[in-house]
1. Would it be correct to say that Val6 is surrounded by 11 or more Cβ atoms within 10 Å (Cβ to Cβ) and either in contact with a Lys or Arg (Cβ under 6 Å, 6 or more places away or on another chain) or at pLDDT 90 or above (or both)?
2. Test Leu11 against the criterion of being aliphatic (A, V, I, L, M) and modelled with pLDDT of 90 or more, and give yes or no.
Amino acid sequence: PLSPCVAGERLCSTEEATAGSGTYTRHGFIFSSLAGCLERKNEDNELPVVSVVRDSESQLLPNVGAVVTCKV
């Protein structure tokens, strides 16, 4: 099952997995770049690929790189 995660959450070490879409690496760790569900895909003998995916029907959050207007 996919587990939920929030943007900026530390997911794992870069020694345990490779960063996929929806993630970034910093100081030897993989972090979520958006809110969604954590997905791990294992390849043959390589490290698993960690990605963060979102429900395509959800319009609550903008896509990465979208221009938004807000008032703080």
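1. Values: surrounded by 11 or more Cβ atoms within 10 Å (Cβ to Cβ): no; either in contact with a Lys or Arg (Cβ under 6 Å, 6 or more places away or on another chain) or at pLDDT 90 or above (or both): yes.
Criteria not met by Val6.
2. Numbers: aliphatic (A, V, I, L, M): yes; modelled with pLDDT of 90 or more: yes.
For Leu11, the condition - aliphatic (A, V, I, L, M) and modelled with pLDDT of 90 or more - is met.
The values are calculated or read from the model by the stated rules, or taken from the named source; none is laboratory data. Predicted model, so just to flag it, every value in this text is computed and none were measured. In this analysis, Cβ positions are derived from the backbone assuming ideal geometry, glycine residues included, and neighbour counts consider all displayed protein chains.
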